[in-house]
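Just so you know, all these numbers are worked out from the coordinates, no wet-lab data involved. Everything numeric in this text was worked out from a predicted model, so none of it was measured. In this analysis, Cβ positions are derived from the backbone assuming ideal geometry, glycine residues included, and neighbour counts consider all displayed protein chains.
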Amino acid sequence: MSIIPYLVGSVLVFGFAATLLALRDWWTGTVSARAVGERVRQGYDRYRAATIRRRNLPLARALIGHLASITEMNLPLATALRFASRGRRGDEGRALRKMSNLLTLSASLSEALRQSAPCPPSVGSLITAGERSGQLSRALRLAEGLLDEQIERAQTFSLRAYCAYPAAVLFSGFLIVGGIMYNVMPKFQDIFLDFDTPLPESTRVLIGLSNWFILGFPPGWFWLACAALIGAVILLIRTLWPVGRIIRFLERVGDRVRWSLPFTRQIDWGQGMATACGVLEMGLTGGLPLDRAARLASDLRINHYVRVRLEEFTALVLGGASAVQAAREAKLGAMCVAALAAISRGEDPHTVLGHAADCYRQVANQWWHATAKLLWPLGTLVLGAMVGFVAWALFEPLVALIESVMDGI
């Protein structure tokens, strides 16, 4: 009981310091480099790109749709985007004009899109792979499908709205329990001292927790606030391109946490492998060798541990191993192994890898909906366990007090 707060505090202090350094890296990398007017505009654009709110996803989908149509018609991107911006107003017109200006200055499409449109980083990395493989049109269509899937999820299931009620219930429960621990438990302790009766173990644990949470050094509420800040920064980093070593480190910490949990691990695994299979299909269809297509897939903005397996697959292919053997040793999944085996037999990569991507995407969707359905029951169980423990810690000393008085009589 005495060492646990110090261990938790050490971890949270380290995370809090890393969070402050990451915010400093982000601030110096995105604000300090330009004049005041451009800094304000760039900060606003990055804030819009970082939030990825529900209203921004349709905007990103519209911009990607414009780019896909323009590339399929083989039109000059900068000129076509400038003409398209004349018929659009608001955020869409502003983003189209900014992309046109950046492309005129010889910026890559992925960089122009990152600076001007609120697109998720996974979409930007997918477009980068399309530029490197010469299959930009195919990459934009894959990005369209990825955004359509995210829009559908946002419409059918909003994580913030779905978590609002259980979060409010848990917060109210914490307030009630905190009031009981602060006002009632010290009186229990004084009464038992007057009767010279030892407190039960559960009550002593509850009193110790209440003293540490309110009067500790530093108190428990301070560590709780630090944990909330660290979690918010990690969630924000998942929507930003990595800037600086600290942000990359925190991004890897977030990936590690998601990989350790069974539900988020399957979601990240399915989404990452679906996108990777799409890039492999795009590269092989464009005439690239397997090792270069795999290198493009390993550069995607997906979970770090999925990227590690793709990098291992690339190294094995470069070392002379067959595609099927390399996929098995890198643990890319049965569907990817079967798809590569079919390609080695002469099947069309577009068909077999497209089917594998659909299967991995279905796995991610199934785990996503299962996680959504389990949020409220888990919240109810946590609240019930917390209230039950407090009720037991309050009821058990009454029984012990009554027994002590009866023994004295």
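For a test of the definition: using alpha carbon positions, the gyration tensor, and the 1.5 limit on a/c, classify region 52-156 as rounded, prolate or oblate. Oblate, because a/c is 1.5 or more while a/b does not exceed b/c.
Determine the sum of side-chain charges near residue 71: Lys and Arg each +1, Asp and Glu each -1, restricted to other residues whose C-beta is under 10 angstrom from that of residue 71.
It works out to a net charge of +1.
The aspartates and glutamates whose alpha-carbon is closer than 16 Å to the alpha-carbon of residue 98, local same-chain residues fewer than 8 away aside, are 38, 45, 111. Restriction of the trypsin sites (Lys or Arg not before Pro) in region 306-406 to DSSP coil positions whose beta-carbon has at most 15 other beta-carbons within 10 angstrom yields 331, 345.
Starting from 0.36 nm per residue, how many nanometres of slack lie between residue 190 and residue 344 once their C-alpha separation is accounted for?
Difference between extended and current length: 47.6 nm.
Sorting 85, 202 from the fewest to the most surrounding beta carbons within 10 angstrom yields 202, 85. Taken as Cα centroids, region 336-409 and region 73-149 sit 38 Å apart, rounded to the nearest whole angstrom.
May I ask you to compute the full-extension gain from residue 334 to residue 105, defined as 0.36 nm times their residue separation minus their alpha-carbon distance, rounded to one decimal in nm?
On the way: separation 229, 0.36 × 229 = 82.44 nm, distance 4.49 nm.
Gain on extension, residue 334 to residue 105, equals 78.0 nm.
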